[in-house]
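Values in this text are rule-based calculations from the coordinates and carry no lab data. Computed from a predicted model, the values in this text were never measured in an experiment. We place every Cβ from the backbone using ideal geometry, glycine too, and count neighbours over all the protein chains shown.
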Amino acid sequence: MSPSADAPARRQVRNACVRLADRGFLAATGGNVSLRAGDGVFAVTPSGLDYYSMSEEDVCVLRLDTLEVVEGRLPPSVESGLHAAVLRSRPDVAAVVHTHQPLVSAVALLHQRVPVLDATARRVLGGSIEPVAYAPSGTALLVRALRRRLRSDVNAYTLRNHGLVCCGATMAEALEAAELAERTAARFLSEAIARNGGDREIVSFALAALS
């Protein structure tokens, strides 16, 4: 594939990273983003590069079947296999976002299924945010753990002790899913705190800080 053909996808990945970093959902080099870039390839963030200094030329393009690098001057994200697993299993999905956003990451520590009660959020996320068992970052074990949990009607998954994976038919939908997952996590945590006699306003303050 020529560099000119995959440039729009690489640009979208770069722009999505900046937007997520602005929201506090990515920090420094943590987290990663991918987007289908054509027949059998996808664009994914490089490894170990700060998102504010990343250019679209830094974004890697990989073969979906083998993860062979087609374009890019830097090593691809260590989580490229995680993104490929979603894209292979979900032909309806074009974009995958893996974040370390604060409230969903707190929920990920609990390893619990989170019901999605809001009607708008349900249309984007599905009926729940599903938990994925712990496995070390960047390993085939983590890819396997996520693949076992993937469902056609669920677009958000917590990785235990790690963060969130969201997907969507477009990059805009995947980014919206990340936003709605954070608000869903806020509601879940707030209700859990209240049930245990705590101050649910703590979660409200955290959510307001992200607005």
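Each label was represented as a point 7 Å from its Cα along the Cα-to-Cβ direction; for residue 69 and residue 19 these points are 2.7 nm apart.
Spin-label pair residue 52-residue 78: with each label point 7 Å from Cα along the Cα-Cβ axis, the two points sit 2.4 nm from one another.
Sorting 118, 65 from the fewest to the most surrounding beta carbons within 10 angstrom yields 65, 118. Restriction of the chymotrypsin sites (Phe, Trp or Tyr not before Pro) in the stretch 13-101 to DSSP coil positions whose beta-carbon has at most 12 other beta-carbons within 10 angstrom yields 52. Coupling constants for the stretch 149-157 follow from the phi torsions by the Karplus curve (6.51 cos²θ - 1.76 cosθ + 1.60, θ = phi - 60°), and in residue order they are 9, 4, 9, 6, 10, 10, 10, 8, 9 Hz; glycine and proline get x. Using only the alpha-carbon atoms of the chain as identical scatterers, what base-10 log of I(q)/I(0) does the Debye formula give at q = 0.07, 0.14, 0.16 Å⁻¹? For the chain at q = 0.07, 0.14, 0.16 Å⁻¹, log10 I(q)/I(0) is -0.19, -0.76, -0.99. Here the 3J(HN,Hα) profile of the stretch 48-60, calculated from phi with Karplus coefficients 6.51, -1.76 and 1.60 at θ = phi - 60°, is x, 10, 4, 5, 6, 9, 7, 9, 5, 5, 6, 5, 8 Hz, Gly and Pro shown as x. Sparsely packed loop sites in the stretch 43-100 (the trypsin sites (Lys or Arg not before Pro) outside DSSP H, G, I, E and B with at most 13 other Cβ atoms within 10 Å) comprise 73.
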